[in-house]
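So the structure is just underneath, and the comments pick up after that.
The values are calculated or read from the model by the stated rules, or taken from the named source; none is laboratory data. Treat the numbers as computed from the prediction; the structure is a model and nothing was measured. Using ideal geometry, Cβ is built from the backbone for each residue, glycine included, and neighbour counts are taken over all protein chains shown. Surface areas here come from the heavy atoms of the whole protein model, side chains and all, with no ligands, DNA or RNA. Shrake-Rupley method; radii C 1.70, N 1.55, O 1.52, S 1.80 Å.
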Amino acid sequence: MTSKLVVVGNGMAPGRMLEHLFELAPGAFEVTIFNAEPRVNYDRIMLSPVLSGEKSFDDIVIHGDAWYERHGVTLHKGQRVVAIDREARTVTSDRGVTAPYDHLVIATGSTPFVPPVPGHDLPGVLAYRDLDDVDAMILAAQSRAKAVVIGGGLLGLEAAAGLRAQGLEVTVLHLMPTLMERQLDPAAGFLLQRALEGRGIEVICNANTEEVLGTGKVEGVRLKDGRVIPASLVVMAVGIRPSLGLAREAGLACGRGVHVNDQLLTSDPAVSALGECVELDGRVYGLVAPLYQMAEVAARRLAGQPAEGFRHADTPTKLKVTGINLYSVGDFADAPDREEIVLRDASAGVYKRLVLQDNRILGAVLYGETADGGWFADLMKKGTDIAEMRDTLIFGQSYGGGSPLDPMAAVAALGDDAEICGCNGVCKGKITSAIAEKGLSTLDDVRAHTKASASCGSCTGLVEQLMGLTLGDAFNPKAVKPMCGCTEFGHGDVRRLIRAKALKSIPAVMQELEWKTSCGCAKCRPALNYYLLADWPGEYQDDKQSRFINERVHANIQKDGTYSVVPRMWGGMTSSAELRAIADVVDKFQIPAVKCTGGQRIDMLGVRKEDLPAVWADLNAAGMVSGAAYAKGLRTVKTCVGTDWCRFGTQDSTGLGIRLEKFMWGSWTPAKLKMAVSGCPRNCAEATCKDIGVICVDSGYDIHFAGAAGLDIHGTQVLCHVDTEDEAVVTIAALTQLYREQGHYLERIYKWLKRVGMDSIRAAVVEDPEKRQAYFERFVFSQRFSQVDPWAERASRGVAAHEFKPLADLSRFREAAE
Amino acid sequence: MSTGPEWAAIGRLADIPRRGARCVVSPLGRIAVFRTMDDRVFATEDRCPHRGGPLSQGIVHGGSVTCPLHNQVIALDTGLVQGPDEGRVRTFPVRVGADGSLELLVGREAFAEAAE
Ligand code: SRM
Ligand SMILES: Cc1cc2nc3c(=O)[nH]c(=O)nc-3n(C[C@H](O)[C@H](O)[C@H](O)COP(=O)(O)OP(=O)(O)OC[C@H]3O[C@@H](n4cnc5c(N)ncnc54)[C@H](O)[C@@H]3O)c2cc1C
Ligand code: SF4
Ligand code: FES
C-alpha cells in the first residue's frame, strides 16, 4: 500500500529528502509537492553565479521535470499552501487545490528579513532569495547605474559581487564595524573589505540605514549620520527568518522556527518539518550542510528505517566570490582561557588564525589561503589534542620542516572520515570507496554517485586530488594537452620554452623541442608563428607559409574560393569619399555582393583572387587600409555616437574608439580581438560582449573585458575604472599585451581569463602602475613593426606577388581533353 | 595538335615557395602544384574532394596539404584524404628538371583520365 506524502515547499532540503526516500523505499509513497515558486527544484546556493552571468538557470537545476515524472511526483508549481487541516489531513493551496495526506512535510524555508525603515517598500528595493530576485536584479542592472546592498554578510557580499560583475557601481552598507563579523574576526574582515574595494565595490561599515529615499522609485539611502548614498537599486540582505506562519496557524508548536525533535517530527506525529524553517534544540540553520543531514534523517524515518537522530555540528563558511578565498569554522571569539595562533603574510595577502583551548582547536579563520581548512575543521570536530604539532600547526597539514607544500600529500594524509564536501557531508572514505567500487573515473561520475562537489563546488580541487590519489595516472584532469600530434608539449610549455631558450624561428623550435614531424602541421605552425612574432618583435620574420590562407593573402576565403574584402572604418565612422571609392571598386571589379557587417563596416564579397591587388590599390588610393576581418589580431572597435550627438553621452566614445583602433590596428593576438566603446551604460555599441569594452560614465571609463558573443555568449567582467581617456588607452594596451604574452593560440580573452584568473590580470595591469607601464611600453614597441598595411605591401610593393597569378596557363591543351 | 602525352613546361621550382603551392590553369580547371619543405613537387586537381575547396590555398606540411575550408588533410603523392575522412583527389605527374624547370604531364591521356 502506498501512502500519501505531501510536501510544502520545494527547496533544497525536501529535494534531498525525496532523493534518499526514493532510494530507500521505492514506490512506498505517492508524493505531491506544492511550491510557491513557479519552478522545479534548483541549487539556490548557486544563484550568485547566475546573477553574475557565469551560469544560466538551467545549469543550476537539481531536478528537471523528467525527474518528477520518473518518480510519479505531482508538482504544483507556483502554488502556495495557505491552510493545513490537521483534523482532515489535507492541505489547500492559494489556487484552491486540496490534497489529502497520510504524512505531511513542511519545508517552507526562510523569508528575507526586510527592516521596516521608511521607503523599504519602494519599487527598486529587492531581497535576495530566489530566481525572481536574481531576474529582477539583472533587469535593474541593465538600466541602472548604481546599487546599494544593505548587509555585509555572506549573502550581501555575493549579491554585491554579482551586481558589480553586471557592471553596476555597488556600495555595501554594513551595520557592524567589519564585514561578515559572525564568521570572520576583524583582521580577516578588514582583508576582505580591501579585496572587495580592489574590485571596485565600495564598502561602508558602521552604516546604520535610516531611510530609503525616493518618490515613486528608489533614489538613494540615508544613513543615521546624515550621509546620503544615491542608488537606483537597493538590495536588502540583512538576514532571514524561518517561514513558519503556515505551521503556526495550523497550531504546531513553534519558537523561532517550527519545533522539531531530532527525528524531524513536529508536535503532530503526522507532520515533519525540515530545512531552514525549523528550530531544533534552540538552533535555526542557514546553510545546506545541516539541512542535508536533516533530509537524510527524515528520509530514513519515513522509509521505516530510523537511525541516529540529527546532531548539531559547526558548518564551515566560505564566500563564493571568485578569487576571494576565505574559510571560517567554529568559535573564534577572544576569551581569557583561550589562546590563539596567528600567521600573517602581508605580501601574499594571507591571514590565518586558530583559536585553541586546552590544546584543542575551537575555531579557525583562514583568509587568502584556505587549503587546510578541512584539516583544521577535522581536528576541531574530533577534538584532537594538538600539543605535539603546536609549533607547526598553523602552517597546515603538509608542512614538513620547510619543504614545499604538496597538496597531494595533504589529501593523502587525511583520515577516511575527514569531510571533503561540506555542503553534502561527504567524507574521504566514501569518495575513495565509490571510485574503487563503481569504477568512477571522471569528476562528473563522482558528483553523480557521491554528491561530493555537486553543490557550491568549492571542494572541487580537493575531490580532484583525491581522484588523482586513488586512480593514479588514470586520472589527470589538468593533463597537459599537446598542441597537436607533432609534439608532446602543450601550448604553455612551448611559449615558456621559446622564451627560456631564446628560440627565434620555427625550425629552431622544432629542433630544440624535438618535434615529431619534419615541418609541423596546420595546427602547430600558425601557433608557433604567432608566438615567435609576439615574443621577438622586430627580430622574427613572419613565416607566411605558416599562416592560414586568410592571413596570408589578407582577405577572407569564401566557400567558392573567392574572397571578401573589408576595409577599416575607424570606429565605424565613414565619409562620402570612402563610400564613393567603395562604390567605384564594386563597379569596376563587378563585385557581386556588398554588405554591412556586424562590425560596423562594409564587406565586399565574391572578389576573384587575381583581382585582389588591384582592388586594394584603389582602396589604398582613397586612404583605406585592411580591416583585418580575417586576423587573429585586432578586428573592429565599434563605437556609438557619444557626446558628439547623443543626449545621454557622457564621454567622446567615438573619439576614444577611433583612437584605440588607430593605435592598436595591425597587432597580432592569440585569437581575434574585438573591442567597443559605448558612451553611457545604455551601451549601444554592445561593449559588454566584446573581448575588451569600454563603458563611459560621468566619472570616467569602466574598462570591461572577456566578453564574447560567438559560439559561447559571455558578458564581460569589469577590469577597473579609470578617470581619463589616456589612462583608458594605457590600461587597454597593457591588458592586450599581457594577453599577447600569455594567451594560447586561438584562446580568446575570456578563455585566457578563465585559465589565469582575474587576480593575476589585475595585479599586472591595474594594481601595479609600474608593471602596467612596462606592458604598455612593450605593446608600443611591438606596434612599431606591425603597423604596415598588408594591402599596400601587396598592391604596390609586390609582396607575395606569386599568390595572385597562376603559375602557367595550359588552356591551349584544350583539344586534348575533348 | 598533340596526340600522345606530353610534358609541358609550367615554370621553375623557384616560382613556388617551399611549403607552398601555385596553380596552373588547364582545360579541366585549376591544377595545384605543391612544393614541399624538401623540394619534392606534386600536382593535384585544385578541388578538395570534400566540398571543392582550393587546395592550393592550404597549408603544406610534410607531404600533405590541409584544405583551407574545413581542414581535411590530403596526401600529395596519392591524393588520398587522410585519417577518418574519406575521398581522393586526382593527381598528375610532374617533374623537376636538373635546371630547376617544372614540367607537368599533359595531353590526351592525362586530361582524358582526369575528365572521367
Ligand atoms: C562578415 C561578418 C558577418 C557579417 O556579415 O556581418 C562575419 C563573418 C565571418 N565570421 Fe564572424 N563575422 C562578423 C561578425 C561577427 C560577430 C559580431 C561582432 O563582431 O560584433 C561575431 C560575434 C562576436 C564575437 O566574436 O564574440 C562573430 C563571431 C564569429 C565566430 C565565433 C567566434 C568565437 O570565438 O566563438 C567565428 C568563428 C571563428 O572565429 O573561429 C566567426 C568567423 C567568421 C568568418 C571569418 C568565417 C570564416 O572563417 O570564414 C566569416 C568570414 C566571412 C567573410 O569573409 O567576411 N565569426 N562574427 C562580420 C564581420 C565583422 C567585421 O566587420 O569584421
Ligand atoms: C543567494 C544565496 C546563496 C547561498 N549560498 C549558500 C552557500 O554557499 N552555502 C550554503 O550552505 N548555503 C547557502 N545558502 C543557503 C541555502 O540556499 C539554504 O540554506 C537552503 O536553500 C534552504 O533550503 P530549504 O529547503 O530549507 O528552503 P528553500 O530552499 O528556501 O526552499 C523553500 C521553498 O518553499 C517555498 N515555500 C515557502 N512557503 C511555501 C508555502 N506556504 N507553500 C508552498 N511553497 C512554499 C519557497 O517558495 C521556496 O521555494 C544561500 C542562499 C542564498 C539565497
Ligand atoms: S554566422 Fe558568421 S560564420 Fe556563420 S554563416 Fe554567418 S558569417 Fe558565416
Ligand atoms: S572543402 Fe576541403 S575540407 Fe571541406
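Remind me, relative contact order of chain A in percent, using alpha carbon pairs under 8 angstrom and six or more residues apart?
Details: 1626 pairs, mean separation 60.1, N = 818.
Taking the mean separation of contacting Cα pairs over the length of chain A, I get 7 percent.
First select every other residue whose beta carbon is under 13 angstrom from the beta carbon of B:G53; then total the charges, Lys and Arg +1, Asp and Glu -1. Walk me through the numbers before you get to the answer.
Working: positive: A:K559, B:R30, B:R47, B:R51; negative: A:D560, B:E45, B:D46, B:D85.
So the environment of B:G53 carries a net charge of 0.
Over chain A, what lengths in whole Å, largest first, do the semi-axes of the equivalent ellipsoid take, defined as the square roots of 5 times the eigenvalues of the alpha-carbon gyration tensor?
Numbers: eigenvalues 607, 201, 168 Å².
Here the semi-axes work out to 55, 32, 29 Å.
Please report the relative contact order for the stretch A:634-784, taking Cα pairs under 8 Å with a sequence separation of at least 6, and give it as a percent rounded to a whole number. Could the numbers behind the result be given before it?
On the way: 323 pairs, mean separation 28.6, N = 151.
Once divided by the residue count of the stretch A:634-784, the mean separation gives 19 percent.
Where in the stretch A:594-672 are there chymotrypsin sites (Phe, Trp or Tyr not before Pro) that are in a DSSP coil and have at most 15 other Cβ atoms within 10 angstrom of their Cβ? Before the final figure, lay out each step's value.
Numbers: sites: A:W616, A:Y630, A:W645, A:F648, A:F663, A:W665, A:W668; in loops: A:Y630, A:F648, A:W665.
Taking the stretch A:594-672 and a limit of 15 other Cβ atoms within 10 Å, the loop chymotrypsin sites (Phe, Trp or Tyr not before Pro) found are A:F648.
Using amide H atoms built in the peptide plane, which far-off residues or other-chain residues are under 5 Å from A:K4 H to H?
Residues meeting the amide H criterion: A:E30, A:D102, A:H103.
Once label points are set 7 Å from the Cα along Cα→Cβ at both A:D698 and A:R784, what is their separation, rounded to one decimal in nm?
4.4 nm
Please state the relative contact order of the stretch B:7-106 as a whole percent: Cα pairs under 8 Å, 6+ residues apart? The partial results should precede the final answer.
Values: 225 pairs, mean separation 27.4, N = 100.
Relative contact order, the stretch B:7-106: 27 percent.
How much length is gained on full extension from A:C596 to A:A346, taking 0.36 nm per residue of separation minus their Cα-Cα distance?
On the way: separation 250, 0.36 × 250 = 90.00 nm, distance 5.37 nm.
Length gained, A:C596 through A:A346: 84.6 nm.
Name the residues whose placed amide hydrogens come within less than 5 Å of the amide hydrogen of A:V350, ignoring near sequence neighbours (fewer than 5 apart) on the same chain.
It is A:D345, by chain and number.
Please list 3J(HN,Hα) in residue order for the stretch A:522-539, calculated via the Karplus relation 6.51 cos²θ - 1.76 cosθ + 1.60 where θ = phi - 60°; whole Hz, with x for glycine and proline.
Ordered by residue, 3J(HN,Hα) equals 6, 8, 7, 5, x, 5, 4, 4, 5, 4, 5, 5, 6, 7, 10, x, x, 9 Hz.
Enter the mean number of other protein chain beta carbons within 10 Å of the beta carbon of each residue in A:516-529, as an integer. Don't skip to the answer; put the middle values down first.
Working: counts 0, 3, 6, 9, 5, 6, 11, 4, 1, 5, 1, 0, 0, 0.
The per-residue average across the peptide is 4.
Report the local net charge at A:G226: Lys and Arg +1, Asp and Glu -1, summed over other residues whose C-beta lies under 15 Å from its C-beta. Kindly include the intermediate steps, with their values, before the conclusion.
Working: positive: A:R222, A:K224, A:R227; negative: A:E210, A:E211, A:D225.
Its environment carries a net charge of 0.
Quick one: Karplus J couplings for the stretch A:279-287, per residue in order, coefficients 6.51, -1.76, 1.60, θ = phi - 60°, nearest Hz, x for Gly and Pro?
With coefficients 6.51, -1.76 and 1.60, one gets 10, 10, 6, x, 10, 10, 10, x, 10 Hz.
Pull up the cross-link candidates among the aspartates and glutamates for A:K674, meaning alpha carbon to alpha carbon under 13 Å and not fewer than 8 places away within one chain.
A:E661, A:E686, A:D691
Treating cross-link reach as a plain straight distance, find the aspartates and glutamates whose alpha-carbon is under 14 Å from the alpha-carbon of A:K224, omitting any fewer than eight places away in the same chain.
Once the sequence-local aspartates and glutamates are set aside, what remains near A:K224 is A:E210, A:E211.
For A:L497 and A:S518, what does the FRET efficiency come to when R0 = 25 Å and r is the distance between their Cβ atoms, rounded to the nearest 0.05? Each step should come with its number before you reach the end.
Working: r = 20 Å, r/R0 = 0.79.
It comes to 0.80.
Loop only by DSSP, 16 or fewer other Cβ within 10 Å of the Cβ. Give me the trypsin sites (Lys or Arg not before Pro) in the stretch A:47-120 that pass, ordered by residue number. Numbers along the way, then the final one.
Numbers: sites: A:K55, A:R70, A:K77, A:R80, A:R86, A:R89, A:R95; in loops: A:K55, A:R80, A:R86, A:R89, A:R95.
Passing sites in the stretch A:47-120 are A:K55, A:R80, A:R86, A:R95.
On the accessible surface of chain A, probed at 1.4 Å, how many percent belong to carbon and sulfur atoms?
Numbers: 17770 of 34960 Å².
Using a 1.4 Å probe with all protein chains present, chain A comes out at 51 percent carbon and sulfur.
Per Stokes-Einstein, at 25 °C and 0.890 mPa s, what whole-number D in µm² s⁻¹ belongs to the stretch A:634-784, with the Kirkwood radius over Cα pairs as the hydrodynamic radius? Mind dumping the intermediate values first?
Values: Rh = 15.0 Å.
For these conditions, the coefficient is 164 µm²/s.
Give the A-B buried accessible area in Å², both sides summed, 1.4 Å probe, nearest 100. Mind dumping the intermediate values first?
Numbers: alone 36460 and 6730 Å², together 40210 Å².
Chain pair A/B: roughly 3000 Å² of buried accessible area.
At 222 nm, what value in deg cm²/dmol follows for the protein assembly as shown if DSSP H runs of at least 4 each add -39500 (n - 2.57) and the sum is divided by all its residues, to the nearest 500? Mind showing how you got there, number by number?
Values: 29 runs with 276 residues, N = 934.
About -8500 deg cm²/dmol.
If we count every other residue with Cβ under 13 angstrom of A:R300's Cβ, Lys/Arg +1 and Asp/Glu -1, where does the sum land?
Details: positive: A:R16, A:R301; negative: A:E19, A:E23, A:D262, A:E296, A:E308.
Taking every other residue near A:R300 into account, the sum is -3.
How many Å³ per residue does the convex hull of the Cα positions in the stretch B:7-106 occupy?
Working: hull volume 8.2 nm³, N = 100.
Roughly 82 Å³ of hull volume per residue.
Students often get this wrong, so check it: of A:K217/A:K690; A:K523/A:K544; A:K638/A:K672; A:K559/A:K751; A:K481/A:K544; A:K320/A:K438, which have C-alpha atoms separated by over 23 Å?
In this structure, A:K217/A:K690; A:K559/A:K751; A:K481/A:K544; A:K320/A:K438 lie more than 23 Å apart at Cα.
So with the 1.4 Å probe, I'd like the accessible area per residue for chain A, rounded to whole Å².
Numbers: 34960 Å² over 818 residues.
Here the per-residue accessible area is 43 Å².
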